[in-house]
1. Wrap a convex hull around the Cα atoms of the stretch 45-186, take a quarter of its surface area, and give that in square nanometres.
2. How much length is gained on full extension from Lys173 to Lys415, taking 0.36 nm per residue of separation minus their Cα-Cα distance?
3. Quick one: P(r) of the stretch 58-304 from all Cα-Cα pairs, 5 Å bins, percents rounded to integers, in order of increasing distance.
4. I want to check the label-to-label distance for Leu257 and Ala101. Put each point 7 Å from Cα in the C-beta direction and report it in nm to one decimal.
5. For the stretch 158-267, state which trypsin sites (Lys or Arg not before Pro) are in a DSSP loop and have at most 14 other beta carbons lying within 10 Å of their beta carbon.
6. Asn308 to Ser363: extension gain in nm, 0.36 nm per residue of separation minus the Cα-Cα distance?
7. Using Cα positions and a limit of under 25 Å, work out the lysines in reach of Lys405, with same-chain residues fewer than 8 apart set aside.
8. Could you tell me what percent of the DSSP beta bridges with both partners in the stretch 58-304 are antiparallel, to the nearest 5?
Amino acid sequence: MIFSKRGKAPAAQAPGVSSSAPGNAASSAGRYGFSYLPLDEVYLDSACQTLRPDVVQNAMLDYFQHYGACGERAKYDWGVKVDEQVAAVRAKVLKWLQLPANQYSVSFTLNTTYGLNLLLTQLPKYSRVITTHTEHNSVFLSTISYAKRVGVPRLLLERDQNGNILYDPAQFKNAVVVLSAMNNVTGTAVPNLKQLVADVHNAGGIVIIDAAQAAGHAAELIQNLPADAICFSAHKMYGASLGVVVARNALIQQLELTFLGGGQVSAVGTDSYTLLNEPHALLEPGLQAWGEIIALGAALDWMAGFENAVGESISAREHRLATTLYDGIHAIGKYDIISPRGSAIVSAIPKGGDGHRIAVFLSKAGIRVRSGYFCAHHWLEGQLKSPPLVRFSLGAHNTDADIAKAIDYMNRLAKTF
């Protein structure tokens, strides 16, 4: 039998690390910052959302318990503290992305999909909208909607085997280009992203980047990237559930705003209103998720201090563990891996097995992975005609023991098909 009667795998506890010990021990075997996570629980779905370190949870709890007031409205001490904290997080985001505060603003929303739609549903007409065949539905569907709304053609580009986007710069003339910096299924980065942005701008177009995966796994792809807007999700980079839109002030100011409410205006008449002279506010109608925003600041600080505490960066840790996972699954011989070796996202197609079934059985062993098409239906199901995949996505909490356990059970399952 693969599993015990209770359906649980034997605990894969790392030597010398107690599952009840604080998660702040700087050990490659332990879970730095995740004291609540037992060592025999394996979570490999960070591409959907990362787990939240203790300090992030504490920052949110501190807000709710000690100064849980509205921002941008209250003049009393709690409200003032919220405003100060939120302003600090906006500044941290720009510093992290290495973008100038006099040209860009940081707005908060629900998630990456919401941010992309917030821009595209209010963006004026350009000559065409361009994306690629391999996009997440957040990009694929919102660009379909934009093309229909303004009545322009939509062009789909290809990517080569290394992730480079294939294009003719002339295609970008007065175009809106929307694409991901890191593939949601394979974890493949876009090596020619900065050159593409430059070519789009030279042709008079604009670029909107889906950085949902890159923000947590490959921040260097989007740092110092002069795109017109970068959208990502805090919950994919150790924060609470939150979307972030970092956009050029010039782009925000050309939007034809139709999504309006409190927090965006300085005055309202009978049939008119005056917008605030703060670009970030134009994408933030109504009350914001103050606790979640403050938690993002804690997540950025925690990520920045990870290497000093553990001895390796998050990206180096993910690369090391992902390489071991790739090699281990590849050696089994029953899976086709479509991710590059060392990617923090490892997606595999079972040769004869069912991806959903494999995910269910792994879950019974305490190993949590995704199965299916991961919101890339056009590419995987429509173009590649692929059966459901199994996706392992790593995060800062993962350990060598997690990977060993995952490989072991993938090997056991392979013997059943």
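Each reported figure results from applying straightforward, stated rules to the coordinates on display, with no laboratory input. Nothing here was measured: the structure is a model prediction, and the numbers come from that model. Every residue, glycine among them, receives a Cβ derived from its backbone with ideal geometry; neighbour counts consider all protein chains shown.
1. One quarter of the hull surface, i.e. the mean projection, equals 11.6 nm².
2. Roughly 81.7 nm would be gained on extension.
3. Over the stretch 58-304, the share of Cα pairs per 5 Å bin runs 1, 6, 14, 18, 19, 16, 12, 7, 4, 2, 1, 0 percent.
4. Label-label distance for Leu257 and Ala101, simple model: 2.3 nm.
5. Lys173
6. This chain segment gains 16.5 nm when fully extended.
7. Partners within reach: Lys5, Lys8, Lys236, Lys334, Lys351, Lys364, Lys415.
8. Values: 17 of 32 bridges.
Roughly 55 percent of the DSSP beta bridges within the stretch 58-304 come out antiparallel.
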